[in-house]
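For reference, the structure is listed below as structure tokens.
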Amino acid sequence: MKNVLLILLSLVLLNGCCDPNKPRIIIKPFHMSQNIDLKGFDTNCDGDIDYWQHYKNDREIGSKIYIKGIMKQNDID
């Protein structure tokens, strides 16, 4: 039983670590084009997407789309 708990704890810790170079989310925005992806990155590891980048065949295309100034629901008075 201890071994199972240690394995689960290890998996949670490994998956919970933030890597700014690893996309947090991958979207295929064009249904007919299978080789274009839109990936969202969290550079400061605060749990939200900081910028989006288009990829074609796993190579960056275009410029990064930075997200800033978006208000959260709790910020609205």
Subset of region 4-32, residues at pLDDT below 75 and either among the hydroxyl-bearing types (Ser, Thr, Tyr) or in a loop (DSSP other than H, G, I, E, B) (or both), comes to 10, 17
Within region 39-69, the residues that are under 11 Å from residue 23 (Cα atoms), of a type in the set (A, V, I, L, M, F, W, C) and without any contact (Cβ under 8 Å) to a residue 24 or more places away in the chain are 41, 52
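The values are calculated or read from the model by the stated rules, or taken from the named source; none is laboratory data. Keep in mind it's a predicted model, so treat the numbers as computed, not measured. Reconstructed Cβ throughout: ideal geometry from the backbone, glycine too, with neighbour counts over all protein chains shown.
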